[in-house]
Amino acid sequence: MPEITPYSDEIDIRQILKSLLERKKTIISGVVLCTFLSLIFSFIVPQSFESTGFFSFSSVDIPKFQIYEGLYKNPGMLKSFIEKYYKEDDWVISNSIFEDSYDPIYAYGMNPRNLVKDNSVIGLRVTSSGNSPKKAKSRVDVLGKYMSTTILNMSMWQYYSQFRMQIEGEILEYKNDIIECDQEIESLRQKLELLNSSIVNSFKSSLDYGRNVIQVDGSTEKYLPLYQQSVATNITINNMEDTIHKKNSAIKTSELLLGFLSEIDEYFDFEAGFLIEDHLLDTIISIKEGYFRPLDNLQDVKIATLIVEKKLAEFIGIRATTLRFLSGPSFPERPAKPSKFLIVFSVFFISIIFFIIYSVFISWWERREG
């Protein structure tokens with residue numbers, strides 16, 4: 001009876017090494033070929049460069065920043081802004097661009113306990129990518145300009161809307177004050193006539209207002225003679241008339257401001273996309289010049305012009321010093337992805353493993369068939 005050789009699953013290291021040496025040319029040739037092809041592929045595959053910048057604005061609390069987010073997180077508005085000012089055909093604006101490109105920077109970090117209470121947002125980390133360093137940097141510039149434009153325009157729109165309501169309320173208040181002053185003056189003039197009549201006829205009036213009591217100090221009172229009451233009443237009437245004159249002047253100034261604000265409102269109503277209007281501040285300055293320049297150089301006009309120019313100067317300062325990049329956008333020197341070195345090294349390493357396993361498998365198969 002023939003002897004049966006039992007099956008053994010022991011690994012013969014010497015046999016494996018022998019197989020690898022026998023097929024070393026195949027292994028080396030395969031690894032070199034794969035590495036060479038991966039090198040060619042790394043030059044063909046499109047590269048992506050990433051640029052980053054820190055965009056600052058005035059520190060705002062979390063609720064106000066959420067208002068900012070509700071404003072600028074509008075892919076359609078961003079797309080319109082890019083098409084209007086920075087025509088770029090291959091920039092695909094997706095719904096996730098804001099999550100990918102804007103990262104808020106909190107004054108006290110990302111601790112969940114600080115996200116609402118006693119925390120604020122001091123700026124944004126703006127990131128974008130492109131197929132060249134110049135394009136990546138340019139896109140970050142555009143995203144920063146988009147933020148600057150929308151935040152500034154929203155601030156101006158909110159201010160002038162609130163300012164209009166404030167001016168309208170002040171005009172009503174001034175007019176009511178004038179009516180009250182007119183009524184008080186009429187009453188004082190009637191009193192003055194009676195006082196003058198009493199002085200002329202040299203007798204003391206028995207009317208309630210004939211003998212005014214004035215407080216000299218905390219414990220002393222005295223009565224004013226009729227002629228002193230007449231002088232005091234005249235002074236009060238003159239003061240009230242001066243108050244009316246000032247309030248009428250304030251009304252004229254407010255009406256001038258209201259006319260200017262009406263022209264701005266007309267522009268806002270006409271220009272539907274004013275939030276992404278890159279030169280909105282310059283447009284408002286032009287409206288101001290066109291509105292006030294033809295008017296006479298009167299005191300009311302000067303005051304109204306100064307009020308408008310003061311606020312415009314604030315907006316100019318915000319645009320120049322606050323809404324800007326504190327650092328960046330960076331000019332990327334190396335691609336962010338894919339990495340040529342990583343591609344070539346990965347293919348080189350995988351090809352070595354593959355051809356070693358392949359050589360061992362072939363040797364095993366040949367021994368089995370033989």
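If you wrap the chain's Cα atoms in a convex hull and average its projection over all directions, what's the area in nm²? Numbers along the way, then the final one.
Working: hull surface 160.5 nm².
So the Cα hull casts an average projection of 40.1 nm².
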Largest fluctuation, ILE350, ILE178, ILE151 only, Gaussian network model of the chain with Cα springs under 10 angstrom, belongs to ILE350
Per-residue Cβ contact counts at 10 Å, fewest first, order LYS310, LYS135, LYS246 as LYS310, LYS246, LYS135
Spacing of the two label points (7 Å from each Cα toward its C-beta) at THR26 and ASN176, in nm: 10.0
For the chain, what does the helix formula give at 222 nm: sum of -39500 (n - 2.57) over DSSP H segments with n ≥ 4, over the residue count, nearest 500 deg cm²/dmol? -22000 deg cm²/dmol
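Please find the FRET efficiency linking GLU314 to ILE352, where r is the Cβ-Cβ separation and R0 is fixed at 45 Å, and quote it to the nearest 0.05.
Working: r = 67 Å, r/R0 = 1.48.
Efficiency for this residue pair is about 0.10.
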Return MET165, MET156 ranked ascending by Cβ neighbour count within 10 Å, so the fewest neighbours appear first. MET165, MET156
Too long at a 18 Å Cα-Cα cut-off: which of LYS87/LYS135; LYS288/LYS310; LYS84/LYS288? LYS84/LYS288
Relative contact order %, the chain, counting alpha carbon pairs below 8 Å whose residues are six or more apart: 32
Connecting C-alpha atoms closer than 10 Å in a GNM of the chain, tell me which of GLU22, GLU277, GLU255 has the biggest fluctuation. GLU22
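Only helices at least 24 Å long along their axis, Cα-based, and averaging 0.5 or more on Kyte-Doolittle count here, so list those DSSP H runs from the chain. Working shown, then result.
Working: long enough: 24-44 (30 Å, 1.75); 133-200 (97 Å, -0.44); 226-270 (65 Å, -0.22); 299-317 (27 Å, 0.48); 340-369 (43 Å, 1.38).
Result, helices passing both filters: 24-44, 340-369.
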What length, rounded to one decimal in nm, is gained on full extension from PHE43 through to TYR160, with 0.36 nm per residue of separation minus their alpha-carbon distance? 36.6 nm
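Read-outs: derived from the displayed coordinates by stated rules, not from any lab. Predicted model only: the values in this text are computed from it and were never measured. In this analysis, Cβ positions are derived from the backbone assuming ideal geometry, glycine residues included, and neighbour counts consider all displayed protein chains.
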